[in-house]
Amino acid sequence: MMNQINVVPYIDVMLVLLVIFMVAPQATPTGSIELPSVGKSSQTPAQPIEVIVKADGKLALRDRDRGSKETAVSRDSLVERLREMQGDAPRNIVVAGDKAARYEDILRVMDALQNNGFTRIGLLVQTGQPTGPAR
């Protein structure tokens, strides 16, 4: 009786499988994706309309596409003025709150805009280091 296992045939099978798995990926064609090409855009993206909340709670609008002059606006006429400024193409709206403005005033403006169907609303922040004392 023989109590040893002959592993030579198993090694041969493993080497054949190894060669098959090494050669098979190179023989299969690789998929290619044809991406669409785009020429240069003729229009620059529109700047967002800024709703400025001042420290005393008064509001102003600024449209950088039509100049950077602030225009005072009341809370009642804010929505109508924004609809006029947007026209047919919806544009982004950013709310710029003064550093001393009450957070509640800023939230009221954002809430009024959302309730009137404006969906592209953001907050304008100042980049860089804070200038006030550390707390």
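State all residues of region 88-123 that are surrounded by 14 or more Cβ atoms within 10 Å (Cβ to Cβ) and within 20 Å of the chain's Cα centre (by Cα); if no residue qualifies, say none.
Here is the first cut: in region 88-123, the ones surrounded by 14 or more Cβ atoms within 10 Å (Cβ to Cβ) are 91-98, 101-102, 105-106, 108-110, 112-113, 118, 121.
Matches in region 88-123: Arg91, Asn92, Ile93, Val94, Val95, Ala96, Met110, Leu113, Phe118, Ile121.
Selection of region 60-76 for residues being more than 26 Å from the chain's Cα centre (by Cα) and surrounded by 12 or more Cβ atoms within 10 Å (Cβ to Cβ) yields Glu70, Thr71, Val73, Arg75.
Read the figures in this text as sums done on the coordinates, not as results from a lab. In this text, all values refer to a predicted model and were calculated from it rather than measured experimentally. Reconstructed Cβ throughout: ideal geometry from the backbone, glycine too, with neighbour counts over all protein chains shown.
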